[in-house]
Amino acid sequence: MLNALAHFERAKPHLSGDVEARAQALQQAELLGLPTRRVEAWHYTDLPRLLNRASSPSGALTGNDFSALKPHYLVFENGQLSTDAAQLSAEFVAPEADLSADAMTLYNHALAENGVTLNFDNSPETIVVIETKGSETQHFMHRVKLGAGVKATVVDDHAALGYSNVIWHVELAADAQLTLVHIQQSGQYVGHCTANLAANAQFKQMTLLTGGDVARHATHVKLQQAGAKADLHSAILGRAVSHNDVTYTIEHQAADTHSHTTSHQALADAARGVFQGKVIVQRDAQRVDAQMQARAMMLSSEAEINAKPELEIYADDVACAHGTAIGEIDADALFFLRARGIDEASARQLLITGFVEQLLTHCDDKALADVLRRHIEQKISALTLTKLEADHAV
């Protein structure tokens with residue numbers, strides 16, 4: 001990634017679309033450079049420093065078993081589509097370069113070699129799982145478009161070890177409902193999702209970060225017509241020196257729209273967490289209900305959390321609120337469990353699991369929630385075991 005020009009020259013013979021426009025996008029991206037703390041939206045994520053440091057261990061990868069849901073599978077390995085569910089229209093559409101975009105979008109427009117385009121006019125019979133693996137640098141552009149009244153669930157299961165730059169474009173027609181689940185457990189991931197919602201459309205995004213060196217998941221939702229609703233929820237389990245950034249911008253452009261945002265971060269070792277959430281209510285967007293809550297559980301004195309919730313309101317008939325709570329693991333709750341014969345590792349695991357699994361209260365699909373629950377429990381079990389081993393070694 002850091003030598004984007006060399007990467008472009010290697011990939012150039014295989015790039016689709018207007019290659020000259022891609023070259024111009026890359027030139028503009030190089031002129032802007034990777035975002036640093038001087039860019040307000042990246043104030044807590046200095047990308048050049050993070051990408052240049054030595055990678056932290058991700059721990060053992062967890063294989064997520066979605067078989068109970070009988071999903072459509074799309075598997076990308078080192079940027080190439082290796083497994084394709086034939087019944088899907090998964091053709092990659094090359095991006096159109098926008099020279100006014102930010103640096104990371106420009107890099108994606110210049111270098112994206114693959115991605116999925118899902119256009120559903122009818123509700124699919126089952127969920128779509130997009131699995132990403134491999135160790136090489138990868139650039140993807142995914143598009144999801146739902147017609148009127150269509151319901152769909154898409155899972156982004158990210159277990160790639162290298163660097164990935166991923167863009168998601170979501171378009172929801174009237175009364176459409178999309179659930180988009182992101183799971184990251186390894187690698188360096190920089191992702192940006194834009195979602196445009198028509199009348200009564202519902203967009204639910206659940207982001208689960210349980211490993212990897214760098215994670216930056218940004219989402220910009222535009223509620224464009226009355227009745228549109230956005231639910232954005234994230235849970236983070238940070239360890240070692242991992243850096244996990246969840247950034248949301250929710251723009252209420254129409255009256256009678258709703259948004260609900262939550263974040264739960266459990267940070268161990270010297271992990272760093274970032275939550276940025278901004279709700280914008282435009283002047284004519286009356287009767288808006290927007291709620292935002294961010295919570296962090298600090299499992300180490302060296303862990304760090306940066307939380308920045310914002311409200312930018314230009315209408316007067318609204319119900320908007322935000323709150324942030326940060327603290328250590330509850331000593332009284334830990335004592336309560338220990339007093340009832342539960343060993344320390346199990347007690348800590350129960351409390352951390354209960355905190356992180358609050359994400360699952362927003363999952364309507366029980367089978368999908370069970371997959372996410374097993375993933376969380378395995379990651380927390382490994383974390384608490386490592387913590388106890390370190391304590392006994394001191």
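Cut-off under 16 Å on the C-alpha distance; same-chain residues fewer than 8 positions from Lys366 excluded. Which lysines are left, in chain and number order?
Excluding near neighbours in sequence, the set is Lys70, Lys204.
According to a simple spin-label model (label point 7 Å from Cα along Cα-to-Cβ), what is the distance in nm between Glu91 and His14?
So the two model labels end up 2.1 nm from each other.
Taking the stretch 224-285 on its own, what percent of its Cα-Cα pair distances exceed 14 Å?
Roughly 59 percent, rounded to a whole number.
By how many nm would the segment from Thr324 to Leu51 lengthen if fully extended, with 0.36 nm per residue of separation less the alpha-carbon distance?
Gain on stretching Thr324 to Leu51: 95.4 nm.
Given a Förster distance of 22 Å, report the FRET efficiency between Tyr314 and Ala41 from their Cβ-Cβ distance, rounded to the nearest 0.05.
0.60
Given labels modelled 7 Å from the Cα in the Cβ direction, how far is it in nm from Ala367 to Arg287?
That separation, rounded to one decimal, is 3.8 nm.
Got the relative contact order for the stretch 1-48 handy, in percent, Cα pairs under 8 Å and 6 or more residues apart?
Dividing the mean separation by the residue count of the stretch 1-48 yields 22 percent.
Could you calculate the FRET efficiency of Ala270 with Thr117 from 1/(1 + (r/R0)^6), where r is the beta carbon distance between them and R0 is 51 Å, rounded to 0.05?
Between Ala270 and Thr117 the formula returns 0.80.
Give me the extension gain from Ser300 to Ala68: residue separation times 0.36 nm, minus the current Cα-Cα distance, reported in nm with one decimal.
My answer for the length gained is 79.8 nm.
In nm, to one decimal, how far is the Glu136 label point from the Ala23 one, both placed 7 Å along Cα→Cβ?
2.3
Report the relative contact order of the stretch 4-329, percent, no decimals, based on alpha-carbon pairs under 8 angstrom and at least 6 residues apart.
11
Which of rounded, prolate or oblate describes the chain when judged by the alpha-carbon gyration tensor and an a/c cut-off of 1.5?
rounded
I want the antiparallel fraction of DSSP beta bridges within the chain, as a percent rounded to 5.
Counting only bridges with both partners in the chain, antiparallel ones make up about 5 percent.
Would you mind checking Lys308/Lys379; Lys12/Lys133; Lys133/Lys229 for any pair whose Cα atoms are more than 24 angstrom apart?
Over 24 Å Cα-Cα: Lys308/Lys379; Lys133/Lys229.
Within the chain, which is the longest segment that contains none of the trypsin sites (Lys or Arg not before Pro) sitting in a DSSP loop with at most 16 other Cβ atoms within 10 Å?
Here the longest segment lacking exposed loop sites spans 54-282.
Here, each number is a calculation from the coordinates, and none is a lab measurement. Quick caveat, the model's predicted, so the values are computed rather than measured. Neighbour counts are summed over all protein chains in view; Cβ atoms, including those assigned to glycine, are modelled from backbone coordinates with ideal geometry.
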